[in-house]
Amino acid sequence: MDTPATPMSDNIEQEFLSVIREYERVIYKVCYLYTTKNAPLGDLYQEVVLNIWKAYPKFRKECKVSTWIYRIALNTCISFIRKEKHTPELVTLTREADWMTEDRDPLTEMLRELYRLINHLGQLDKSIILLYLEEKSYEEIGEITGLTVTNIATKLSRIKDKLKKMKKED
């Protein structure tokens with residue numbers, strides 16, 4: 001037996017859908033960075049949206065919606081990856097793999113190379129550089145990750161050095 005929807009639940013659902021539409025690209029970017037053969041983009045995205053939905057009624061709006069979305073997306077992806085580490089490798093036969101190899105313009109190639117290098121970083125470093133590339137302030141990055149502004153600045157400098165070194169080694 002389904003219970004009839006109340007005007008209040010309809011309002012929350014509409015508000016939630018609006019937030020998801022507004023931050024869809026952000027969620028996809030975070031998920032893309034954590035995509036592996038055992039954690040496909042679609043699975044990560046679905047898991048993040050589900051976790052946002054579960055947490056949405058409890059969101060107290062004490063921080064920006066974007067900060068809250070990033071925090072849930074990053075935590076969900078990291079947790080998903082940890083759980084999936086012990087799962088046998090899957091071979092995908094979807095268009096996602098084709099999409100990743102279609103464009104061959106120089107900018108797309110540079111972005112692919114950057115994301116490939118970022119994928120070799122640790123979970124925290126990966127999160128910090130993603131937020132930095134999304135043009136989040138050090139304060140916002142600190143709020144999302146729980147680190148101090150000074151720590152963020154230090155870590156970003158080291159991450160940039162690591163990426164430069166990795167690029168030279170290629």
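A few remarks follow.
- If the condition is being at pLDDT below 90, over 23 Å from GLU135 (Cα atoms) and touching a helix residue (DSSP H, G or I) at 6+ places or on another chain (Cβ under 8 Å), then segment 20-63 contributes THR36, ASN38, ALA39, PRO40, PRO57, PHE59.
- Residues of segment 54-63 satisfying the condition of being surrounded by fewer than 16 Cβ atoms within 10 Å (Cβ to Cβ) and assigned to a helix (DSSP H, G or I): LYS54, ALA55, PRO57, LYS58
- Among the candidates THR148, THR154, THR67, residue that is in the same structural domain as ASP43 (by TED's automatic domain parsing), at pLDDT 85 or above and among the polar types (S, T, N, Q): THR67
- Of everything listed in (1) aliphatic (A, V, I, L, M); (2) closer than 22 Å to GLU135 by Cα; (3) at pLDDT below 90, the single unmet condition for MET1 is (2).
- Every pair of residues 6+ apart whose Cβ atoms lie under 7 Å, when the first sits in segment 140-154 and is within 15 Å of GLN123 (Cα to Cα) while the second is among the charged types (D, E, K, R): ILE144/ARG71
- Segment 64-83, subset free of Cβ contacts under 8 Å to residues at least 40 places away in the same chain and surrounded by 14 or more Cβ atoms within 10 Å (Cβ to Cβ), residue farthest from TYR132 (Cα to Cα): THR76
The values are calculated or read from the model by the stated rules, or taken from the named source; none is laboratory data. This one's a predicted model, so the numbers in the text were calculated from it and none came from an experiment. Please note: Cβ atoms are built from the backbone with ideal geometry, for glycine as well, and neighbour counts cover all protein chains shown.
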